[in-house]
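Trainee: Before we start, here is the structure in question, set down as structure tokens.
The values are calculated or read from the model by the stated rules, or taken from the named source; none is laboratory data. In this text the structure is predicted, and so the values were computed from the model without any measurement. Counting neighbours? That spans all protein chains shown, and the Cβs are built from the backbone with ideal geometry, glycine included. Surface accessibility is based on the protein's heavy atoms, side chains included, excluding ligands, DNA and RNA. Shrake-Rupley method; radii C 1.70, N 1.55, O 1.52, S 1.80 Å.
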Amino acid sequence: MQSNSTSVALVTGANKGIGFAVVRSLLADTTPLGIQANVTLKTNFFATRDMCNVFLPIIKPGGQIVNVSNEMGLVALSRCSPELQEELVGLMERFVRDAQEGVHTERGWPSTAYGVSKTGLTTLTRIMARNLLKERPGEEILCNACCPGWVRTDMAGPNATKSPDEGAVTPVMQNAQTQSLLTTSINPK
């Protein structure tokens with residue numbers, strides 16, 4: 001019987017934060033882009049989409065969704081051909097397939113699974129916000145994406161300019177500022 005020499009790593013909390021950074025570190029450089037694309041998009045895009053689909057129906061009026069994305073999403077989006085910027089979920093699935101087949105650059109994709117996943121997340125957030133305005137008008141549910149900056153994690157490394165606590169300020173402040181705006185618009189002084 002032949003033994004399989006494929007390494008397997010079990011990482012708890014691999015969907016975000018340090019756990020995710022550990023997975024990215026384990027996948028760095030030597031892992032084919034197709035595998036990186038599959039793992040990264042499952043975590044950063046598809047899992048977030050699935051979670052939002054479960055929670056959106058139960059968010060109360062005045063509630064808010066803040067997805068943590070980053071500027072890499074916008075950078076990667078600008079590197080995609082204009083045709084690829086129009087359809088989202090199908091595109092995210094297509095990127096994974098194209099990367100696995102090694103034809104992603106020929107088909108207009110950048111060579112960054114992380115950047116494409118954040119492009120998908122930022123665009124998904126915009127779509128959800130637009131749908132909330134149409135489907136639940138007057139409920140003032142806000143849906144935003146934000147970039148916490150370059151935060152010292154296993155993925156970003158020790159030279160990043162912000163601590164995790166400093167990185168958390170952006171989504172927390174975005175929520176606080178939005179709640180303040182909502183309060184002002186609901187109860188003008």
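Trainee: Among 164-174, 52-62, how do they line up from the highest to the lowest mean number of other beta-carbon atoms within 10 Å? Please report the intermediate quantities before stating the final value.
Mentor: Numbers: 164-174: 14.8, 52-62: 11.5.
Answer by packing, highest mean first, reads 164-174, 52-62.
Trainee: Over segment 95-151, with every protein chain in place, what whole percent of the accessible area is carbon and sulfur at 1.4 Å, could you tell me?
Mentor: On the way: 1380 of 2740 Å².
Taking all protein chains in place, segment 95-151 shows 50 percent carbon and sulfur surface.
Trainee: Roughly how many Å is it from the Cα centre of segment 27-60 to that of segment 94-165, as a whole number?
Mentor: 9
Trainee: Could you report segment 84-153's accessible area per residue, 1.4 Å probe, as an integer in Å²?
Mentor: Numbers: 3530 Å² over 70 residues.
That works out to 50 Å² for each residue.
Trainee: Mind running the shape call on segment 51-169? Use the C-alpha gyration tensor, a ≥ b ≥ c as the square roots of the eigenvalues: rounded below 1.5 for a/c, prolate if a/b tops b/c, oblate otherwise. Before the final figure, lay out the partial values.
Mentor: On the way: a/c = 2.46, a/b = 1.19, b/c = 2.07.
Judged from the Cα gyration tensor, segment 51-169 comes out oblate (a/c at least 1.5, b/c at or above a/b).
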